[in-house]
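Just below is one structure, and these are the notes that go with it.
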Protein chains: 4
Amino acid sequence: MASVQVSVIGSGVENEERAEEVGRLLGERGVTVVTGGRCEVMAAAARGAKSAGGTTIGILPGETREGANAWNDHVVVTGIGHARNLAVVASGDAVIVVGGRYGTLAEIGLALTLRRPVVVLEPGWEVEGTIRAETPEQAVELALGAVAA
Amino acid sequence: MASVQVSVIGSGVENEERAEEVGRLLGERGVTVVTGGRCEVMAAAARGAKSAGGTTIGILPGETREGANAWNDHVVVTGIGHARNLAVVASGDAVIVVGGRYGTLAEIGLALTLRRPVVVLEPGWEVEGTIRAETPEQAVELALGAVAA
Amino acid sequence: MASVQVSVIGSGVENEERAEEVGRLLGERGVTVVTGGRCEVMAAAARGAKSAGGTTIGILPGETREGANAWNDHVVVTGIGHARNLAVVASGDAVIVVGGRYGTLAEIGLALTLRRPVVVLEPGWEVEGTIRAETPEQAVELALGAVAA
Amino acid sequence: MASVQVSVIGSGVENEERAEEVGRLLGERGVTVVTGGRCEVMAAAARGAKSAGGTTIGILPGETREGANAWNDHVVVTGIGHARNLAVVASGDAVIVVGGRYGTLAEIGLALTLRRPVVVLEPGWEVEGTIRAETPEQAVELALGAVAA
């Protein structure tokens, strides 16, 4: 049986440090980290998870592994472009948001549509129905608490 | 060559009247109205377009025409569930938002990712980068102005 | 209510003439022709439909109208690459195949999975469960007969 | 970096034994086994891989883990129905086919479109461009040989 999976979404170089810490904390807890498989927040979260001995899955938009970061243990090559955002959030038992622009907003909307718990690490997109966290530790605790609930 | 297409997105019974007016105004101008093909705002926008002799396309999430409203001239049966939201907004040269919940938020995020002009009829989701309109007339004018630009 | 829609799929310059005839016959009967919206068989089928005053829809793989042929009355921009093949066949009440390579084979498989009647204009992919036609006239008759059944 | 991944596709209770052997041989070689995540051939291939200490990924069609078999180490919840077939084959560096009906035929077509090597374990769908294997051992050897090439 597949273990608990948490999707980490977002973007922005300025958010990499916090995303790496989120990934590390998830990896320490034995939670598989799911991302969009590419750069910035996605790469940082996966790197953090690997630094803690965790497992990572990258769900890519293209038809090949092109653009995949080096910290994906497994890659899913979807070939469906931005529609892969749906798979990224649907594959998480919960979703943690670290920064991000419009693609991330779309993912938040899709995640809430599918009734996934969505934890936003402040500062971030303000959307009714999301859970707010002040620190990476709190984001991971709130996400895992929501999964257990 | 395909003519100008504007996608009308949103939901909520309370928004049907305004959506119908948006559809009517688009239909009058010879603009094809694209929607998600189902109920509430989608049906109202299509009904409005038909009342003005316009053309409508409904892009459905399921594998059959089930759930399609009666005002779709043409239906696209995608079979890809919520991922069809990408096709709904990508198929519009501009997007007009009338109410809506999380699915609509996802569509706004996807539309902005693809650099489609997004006009939100107030009151509605507040997202940086969207164009705000006070009335259906203004929404249609702003959307068509953005297409022409 | 959307009228009858038939999807015409395939590829190959050598098949354009027959595809155009299929499109023309469908257009004459008031059937909306759905294609993948691009070149060769897709363009020819749409051109044939337009020559008979019919209506055409092109379901495109990319995120813009790029690559669309000139005979699409309406375009659906899916942004999902080859996964748009599912939408192309699902949107037809029946599917007519004119030539084609691997993408067409995938579409035949998807169409049969969704229980759409699939008429192959000989010579073409030989797949159990498809209906075989010798001429464009026969292909259109068999397809429309299968829809009515 | 993600290791070599091979997708095993097909269906049919009568093919489970051979699919399990294919999975076992892939798992022994440290190759990650990708499947559609559900029953019959998909479950058997994953079960075989797990019996050899391998790693498995199941790419599911629905919006939840519903229908997932017990041998998926990781699940990807795509929410895109049959369009997930594209992700299943695209995620394999090579594809091995064990039995199967129309969904499998669609996957073969998609895999060949994306230029993935496709090995069909006899007896199976006869499609030009596929590599034919007589035994599970041969199928795995041919698939891995094609990846290395």
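The values are calculated or read from the model by the stated rules, or taken from the named source; none is laboratory data. Given the structure is predicted, the values throughout are model-derived calculations rather than measurements. Here the Cβ positions follow ideal geometry from the backbone for every residue, glycine too, while neighbour counts run over all protein chains shown.
Among the candidates A:Glu122, A:Glu134, A:Glu107, A:Glu126, which residue alone is among the charged types (D, E, K, R) and under 22 Å from A:Gly37 (Cβ atoms)? Walk me through how you get there before you give the answer.
On the way: A:Glu122 fails: under 22 Å from A:Gly37 (Cβ atoms); A:Glu134 fails: under 22 Å from A:Gly37 (Cβ atoms); A:Glu126 fails: under 22 Å from A:Gly37 (Cβ atoms).
Just one listed residue meets the conditions, A:Glu107.
Residues D:Ala83, D:Ala94, D:Ala133: which one is free of Cβ contacts under 8 Å to residues at least 40 places away in the same chain and under 15 Å from D:Gly23 (Cβ atoms)? Reasoning before the result, please.
Working: D:Ala83 fails: under 15 Å from D:Gly23 (Cβ atoms); D:Ala94 fails: free of Cβ contacts under 8 Å to residues at least 40 places away in the same chain.
Unique residue meeting the criteria: D:Ala133.
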Of (1) surrounded by fewer than 19 Cβ atoms within 10 Å (Cβ to Cβ); (2) touching a Cys at 6+ places or on another chain (Cβ under 9 Å); (3) touching a residue at least 40 places away in the same chain (Cβ under 8 Å), A:Ser11 fails just (1)
Scanning the range D:69-80 residue by residue, the ones that are of a type in the set (A, V, I, L, M, F, W, C), in a loop (DSSP other than H, G, I, E, B) and either touching a Leu at 6+ places or on another chain (Cβ under 6 Å) or within 8 Å of another protein chain (Cβ to nearest Cβ) (or both) total 2
Among (1) within 16 Å of C:Val118 (Cα to Cα); (2) surrounded by fewer than 22 Cβ atoms within 10 Å (Cβ to Cβ); (3) without any contact (Cβ under 8 Å) to a residue 40 or more places away in the chain; (4) of a type in the set (A, V, I, L, M), C:Val4 falls short only on (3)
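Identify all residues within the range B:114-149 that are among the hydroxyl-bearing types (Ser, Thr, Tyr) and under 20 Å from B:Gln5 (Cβ atoms); write none if there are none.
B:Thr130
With D:Ala83, D:Ala94 as the choices, which residue is within 8 Å of another protein chain (Cβ to nearest Cβ), crowded, with 24+ Cβ neighbours inside 10 Å and among the hydrophobic types (A, V, I, L, M, F, W, C)?
Values: D:Ala94 fails: within 8 Å of another protein chain (Cβ to nearest Cβ).
Selected residue: D:Ala83, the only one of D:Ala83, D:Ala94 that is within 8 Å of another protein chain (Cβ to nearest Cβ), crowded, with 24+ Cβ neighbours inside 10 Å and among the hydrophobic types (A, V, I, L, M, F, W, C).
Scan C:Ile57, C:Ile108 and give me the residue that is surrounded by 24 or more Cβ atoms within 10 Å (Cβ to Cβ), within 15 Å of C:Val8 (Cβ to Cβ), modelled with pLDDT of 95 or more and away from chain D (no Cβ under 13 Å).
On the way: C:Ile108 fails: away from chain D (no Cβ under 13 Å).
On inspection, the qualifying residue turns out to be C:Ile57.
Would you be able to tell me the number of residues in the range C:111-121 that are facing chain D (nearest Cβ under 9 Å) and among the aliphatic types (A, V, I, L, M)?
The first filter runs over the range C:111-121 and keeps only residues facing chain D (nearest Cβ under 9 Å), leaving C:111-114.
Next, only the ones that are among the aliphatic types (A, V, I, L, M) stay: C:111-112, C:114.
Going through the range C:111-121 one residue at a time, the tally reaches 3.
Here is a yes/no grid of residues against (1) farther than 21 Å from D:Ala90 by Cα; (2) hydroxyl-bearing (Ser, Thr, Tyr); (3) part of a helix (DSSP H, G or I); (4) touching a helix residue (DSSP H, G or I) at 6+ places or on another chain (Cβ under 7 Å):
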| site | (1), (2), (3), (4) |
| --- | --- |
| D:Ala2 | no, no, no, no |
| D:Glu14 | yes, no, yes, no |
| D:Glu21 | yes, no, yes, yes |
| D:Leu26 | no, no, yes, yes |
| D:Gly30 | no, no, no, no |
| D:Val34 | no, no, no, yes |
| D:Ala43 | no, no, yes, no |
| D:Ala49 | no, no, yes, yes |
| D:Gly54 | no, no, no, yes |
Here the residues within the range A:26-45 that are buried (at least 23 other Cβ atoms within 10 Å of the Cβ) and either over 9 Å from the mean Cα position of the chain (by Cα) or at pLDDT below 95 (or both) are A:Leu26, A:Gly27, A:Val31, A:Thr32, A:Gly37, A:Ala43, A:Ala44
By residue number, the members of the range A:56-67 that are in contact with a helix residue (DSSP H, G or I) (Cβ under 9 Å, 6 or more places away or on another chain) and farther than 14 Å from A:Leu86 by Cα are A:Thr56, A:Ile57, A:Gly62, A:Glu63, A:Thr64
Scanning the range B:111-149 residue by residue, the ones that are surrounded by fewer than 15 Cβ atoms within 10 Å (Cβ to Cβ) and within 21 Å of A:Ala111 (Cα to Cα) total 2
